[in-house]
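The structure appears right after this line, and notes come after that.
The values are calculated or read from the model by the stated rules, or taken from the named source; none is laboratory data. Predicted, not measured: the structure shown is a model, and the values here were computed from it. Positions of Cβ are generated from backbone atoms using ideal geometry, with glycine treated the same way; all protein chains shown enter the neighbour counts. Surface accessibility is based on the protein's heavy atoms, side chains included, excluding ligands, DNA and RNA. Shrake-Rupley method; radii C 1.70, N 1.55, O 1.52, S 1.80 Å.
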Amino acid sequence: MDDFIAARSQMALSLGFHIIFSCIGMVMPFFMAIAHFYWLKTKDPVYKNITKAWSKGVAIFFATGAVSGTVLSFELGLLWPSFMKHAGPIFGMPFSLEGTAFFIEAIALGFFLYGWERFNPWFHWVTGVVVGISGIVSGILVVAANSWMNSPSGFDFVNGQYLNIDPMKAMFNAAWFQQALHMSIAAFAATGFAVAGVHAMMIIRKKNVKFHYMAFRIAIVFGAVTAILQPFSGDISAKNVAKRQPAKLAAMEAHFKTEKFSPLIIGGIPDTLTKQVNYAIKIPGMLSFMTYEDFNAEVKGLDQIPKENQPPVAITHYAFQVMVGLGVLMMGIAVLYFIALLKMKKWFSKVWFLKLFAWATPIGFIAVEAGWTVTEVGRQPWIIQGVMRTADAVTPMPGINYSFYLFTAVYLSLSVMVVFMLYRQIKMVPKLYNKDVY
Amino acid sequence: MMLYVVIIYLWAALLLYLLLGGADFGAGIIELFTTEDNKARTRRISYQAIGPVWEANHMWLIIAIVILFVGFPGIYATMSVHLHIPLVIMLLGIIARGTAFAFRNYDAVTDNFQKVYNKIFVYSSFITPLFLGIIAGSAVSGRIDPHANTFLSAYVFSWLNWFSVSIGLFTASLCGFIAAIFLIGEAKHDEIERKRYVRKAVQMNVAAVISGGLVFVSAISDGIPLVQWVFGNAVGITAVSAATISLIILWYLIYNGRSKSLRLLAGFQITMILLTTTYKHYPNIVILKNGGYLSLLENKGTDKTIEALALALLIGSVFILPALVYLIYSFQKKGNKQAV
Ligand code: HDD
Ligand code: HEM
Ligand code: HEM
């Protein structure tokens, strides 16, 4: 494997791994806070058990999220030293603020995990909420750093020199808000569906039904509300992409020819040689309308972008289709949930209804990974859009392929371990908590 | 002005990582060198002591690295390129340790897997500070060669040399020493337990003296002016003397059955050691083969960046420090009888 490809793959692997844990680290504290709140209010021990069971899982996810994040902060330099040398001082602001957010999160987590029966119950509750809030803040900050790579600002690029650096301007670049919003909603939607799905599975198996049913109810509310919001936020993101990265939008849509009244292309197999998309559904004028709110607007196609500045079309297009497809699916499931909640209470005990959620367990996370593929692959060949090429940023050290194999092995075994750990956690629920309830 | 704020934070983050993260690594090192039947007890005590602060202890490394890449990107980039291999090994250590710690404490079932986590935990507790020391040693060893043209000279001999390895061993022994002192304090109500940790402290102290000696010997044979860095200036001499005196006081207190102030004294020693080793070649934190060096004062980001970074650090501390102090205080004072 070529060193450059190896470096890109290793970065993608590490981020793709970290994002799962960080989403859970951001969102689960809120689920726990709700269960914890009900426990403090109603003194129903099932809620306490849910909080405790979740908090053990979260402790495992946290540790894994923290180490994979630590690895990332080194990897930026290990793999992309020339990028960091120039970008560090410009996009470093969110990272330095993030340090504080992480720290608060780690401290609050210490209070929360070890503070049972030790502090005033409401102080203890608040520390749990602080974990969640600082998690969200760190997520927003790191995405602000990433959005700078898509929409660089806060400096002047003159003859290869980075002048007049303004870290605040860099942080609040033209893409940060759209990306941070979309990412935060995604974290809730993905985690909500995943947690609800696991509990739905346990209800189907008739294990500790009361426990799992109450847990399901908490998780799915978050998942369903955000799944309905997400396509709207995605629409805002797409309009933003059209402005700042027309090449990325063209690749997402497999939109080869610049034209007015552009069709929206759904699915299909893009062929870069013939510049055709085979087997696709085309809705005439829809792309123009969705990006510019005008059916007659002209949408820039790949033909306007020099060949050497074009991102890989197929990957970007497929990833975008996967994300949007799953997004629409999740919205549909969320609508069914609200129908059940308001009109069809009996659905909640129906196996088909629970199975729907059980099958939907991974889809939010698949959408998250697909979305990041769109963002990152769609930016290629640039590491900083229009300023620095990814190929110029890579480390001069040879043999990165071995490092990639090594990290692949490490992350694979870690994933297996975490899944195994969770499996044991869930399997033990009856043994650990049966005494006081059921 | 703001530049000095940033540099002080960088130094303080390194010191705190060495002290707090170090105690944490050291607990694992002690477990590694403990007989089988005492391992479980050490594990329990160290878990009780470390559990609540464990995530926070490792944040200091993140703070240091962020300061480095935001404030001093040239230094971060050079180290990342030429010390790639030891950095990767250290990261593997961090991954293994962090996850093994979580797995062994939160696994719902207790069976033979525990043995696996424990093994991983203790070995990575040793390897991580070893390589941390190797990285620090290599930075000042004058072996990093930006113009090297073979793989070995560019990426391997930059860190694989006696001096760097001795510093690594010295760092690991210091971690073990801090942890032993810390655990003596934790075990103050249990005479047998306390004696065990006193013995560990003796062993770790001996290991530190031996590896410290090795550092000097290898420095002399590698032509690194360590003696001059340490003894060639008033600050160095004062710090070394202060460290030695405090070590004598420390042992006096331990053998008289006292548990108070031990931690403060040990912390003071580590501070003095870091001060001596960094003071004289400051502001150059990377020394290159061709005699060049990377200075903190020259390889910095623009003024605006440094200002923003300093502000972020200052504002951050307003939130972090009180919360951290309260966390440590509440779990120290009330003891940590039960966890999740
Ligand atoms: C639960 C996950 C999830 C779901 C259901 C969706 N997305 Fe998404 N999307 C993400 C998770 C995500 C993400 C992984 O979080 C990304 C990557 C970067 C970012 O900011 O969010 C993303 C990026 C992203 C981008 C690129 C932004 C950029 O490069 O700055 C666009 C245009 C969309 N999304 C649009 C949509 C649309 C129209 C959806 C309609 C259903 C949709 N997304 C559903
Ligand atoms: C967590 C979600 C993320 C995922 C799944 C992700 C995924 C990816 C992928 C697939 C690539 C390889 C692209 C290619 O080479 O074709 C990549 C590259 C990269 N990403 Fe991300 N990314 C994420 C977030 C971030 C963030 C938050 C940052 C920085 C703050 C970042 C920085 C980089 C860098 C520096 C590269 C290498 C250069 C490049 O290929 O452009 N990524 N990432
Ligand atoms: C979109 C991408 C990312 C998101 C949403 C994200 C979010 C988060 C969150 C919420 C946490 C704390 C929760 C947990 O530990 O599980 C975390 C941990 C961490 N992240 Fe990320 N992150 C992203 C990418 C990155 C990148 C690119 C870096 C490094 C450059 C990074 C560095 C870290 C570090 C160092 C930690 C550990 C902090 C600790 O010890 O608590 N993250 N991330």
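Which number comes out as Rg/Rh for the protein assembly as shown once both Rg and the Kirkwood Rh are worked out on C-alpha atoms?
Numbers: Rg = 27.5 Å, Rh = 27.9 Å.
Ratio value, two decimals: 0.99.
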Report task. Show the residues, 5+ positions off or on another chain, whose built amide H is closer than 5 Å to the amide H of B:ILE144. Result -> B:LYS289
Requested in this report: Straight distance only, please: which lysines reach the Cα of B:LYS289 with their own Cα at less than 26 Å, same-chain residues fewer than 8 apart left out?
Outcome: A:LYS85, B:LYS280, B:LYS300
Query - Rounded to whole Hz, the Karplus (6.51, -1.76, 1.60) HN-Hα couplings of the stretch B:205-213, x for glycine and proline - result: 5, 4, 4, 5, 5, 5, 5, x, x
Query - Per-residue SASA entry for A:ASP303, accessible area with 1.4 Å probe, Å² rounded to 10 - result: 90
Query raised in the report: Hey, got the dipole for the stretch B:1-56? About the Cα centre, +1 on K and R Cβ, -1 on D and E Cβ, debye to the nearest 20?
Result: 80
Query raised in the report: Given H placed on each backbone N at 1.01 Å, which residues far from A:ARG389 in sequence or on other chains put an amide H within less than 5 Å of it?
Result: A:ILE383
Query raised in the report: Which residues' amide hydrogens lie under 5 Å from the amide hydrogen of B:TYR293, considering only partners 5 or more residues apart or on another chain, with H built in the peptide plane?
Result: B:LEU288
Query raised in the report: Placing +1 at every Lys and Arg Cβ and -1 at every Asp and Glu Cβ, with all other atoms neutral, what dipole size does chain A have around its Cα centre, in debye to the nearest 20?
Result: 2160
Query raised in the report: Out of B:ILE270, A:TRP359, A:SER403, whose Cα points farthest toward the positive end of the dipole of the protein assembly as shown (charges: +1 Lys, Arg; -1 Asp, Glu; placed on Cβ)?
Result: A:TRP359
Query raised in the report: Near B:PHE182, within a Cβ-to-Cβ distance under 14 Å, what is the net charge of the other residues, with Lys and Arg +1 and Asp and Glu -1?
Result: +2
Query raised in the report: What percentage of the solvent-accessible surface of chain A, computed with a 1.4 Å probe over protein heavy atoms, is contributed by carbon and sulfur atoms?
Result: 69
Query raised in the report: For the protein assembly as shown, what is the accessible area per residue in Å², given a 1.4 Å probe and the full set of protein chains?
Result: 41
**Report entry** Selected from A:ILE383, A:ILE204, A:PRO311, residue furthest toward positive end of dipole (chain A; charges at beta carbon)
**Finding:** A:ILE204
Query - Nearby lysines by direct alpha-carbon distance to B:LYS119 (threshold 17 angstrom, same-chain neighbours under 8 apart not counted) - result: B:LYS39
Report summary line: With the dipole of the protein assembly as shown defined by +1 on each Lys or Arg Cβ and -1 on each Asp or Glu Cβ, the option from B:TYR252, A:GLY92, B:GLY185 whose Cα lies farthest towards the positive pole is B:GLY185
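What do you get for Rg/Rh of the stretch B:202-340 when both radii come from the Cα atoms and Rh is the Kirkwood radius? Mind showing how you got there, number by number?
Details: Rg = 20.1 Å, Rh = 18.9 Å.
With Rg and the Kirkwood Rh in hand, the quotient comes to 1.06.
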Query raised in the report: Tell me, what is the Rg over Rh of chain A, with Rh the Kirkwood radius over Cα pairs?
Result: 0.99
Query - Greater than 25 Å apart at Cα, pairs in A:LYS260/A:LYS282; B:LYS115/B:LYS188; A:LYS210/A:LYS343 - result: B:LYS115/B:LYS188
Query raised in the report: For the stretch A:1-105, what log10 I(q)/I(0) values come out of the Debye formula at q = 0.19 1/Å, with one point per alpha carbon and no solvent?
Result: -1.00
Query raised in the report: What is the Cα coordinate range of the stretch B:1-144 on the first, second and third principal axes, sorted by size from largest, in whole angstrom?
Result: 53, 30, 24
Query raised in the report: How large is the helix-only mean residue ellipticity at 222 nm for chain B, computed as the sum of -39500 (n - 2.57) over DSSP H runs with n ≥ 4, divided by its residue count, in deg cm²/dmol to the nearest 500?
Result: -25000 deg cm²/dmol
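Treating only the Cβ atoms of Lys and Arg (+1) and Asp and Glu (-1) as charged, compute the dipole magnitude of the stretch A:198-248 about its Cα centre; round to the nearest 20 debye.
About 160 debye.
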Requested in this report: Measure out, as a whole number of angstrom, how far apart the alpha-carbon centroids of the stretch B:56-88 and the stretch B:175-212 sit.
Outcome: 31
Report task. Round to a whole angstrom and tell me the spacing of the C-alpha centers of the stretch A:53-80 and the stretch A:108-163. Result -> 14
Report summary line: Computed from the beta carbon distance with a Förster radius of 60 Å, FRET efficiency for A:PHE261 and B:PHE319 to the nearest 0.05 stands at 0.65
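Could you state how much accessible area is buried at the B-A interface, both sides summed, with a 1.4 Å probe, in Å² to the nearest 100?
Working: alone 17190 and 20630 Å², together 31850 Å².
Interface between B and A: roughly 6000 Å².
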Query - Backbone HN-Hα couplings from phi across the stretch A:329-343 [Karplus 6.51/-1.76/1.60, Hz, Gly and Pro as x] - result: 4, 5, 4, x, 4, 4, 5, 4, 4, 5, 4, 4, 5, 8, 10
Report summary line: Counting only protein heavy atoms with a 1.4 Å probe and every protein chain in place, the carbon and sulfur fraction of the accessible surface of chain B in whole percent equals 70
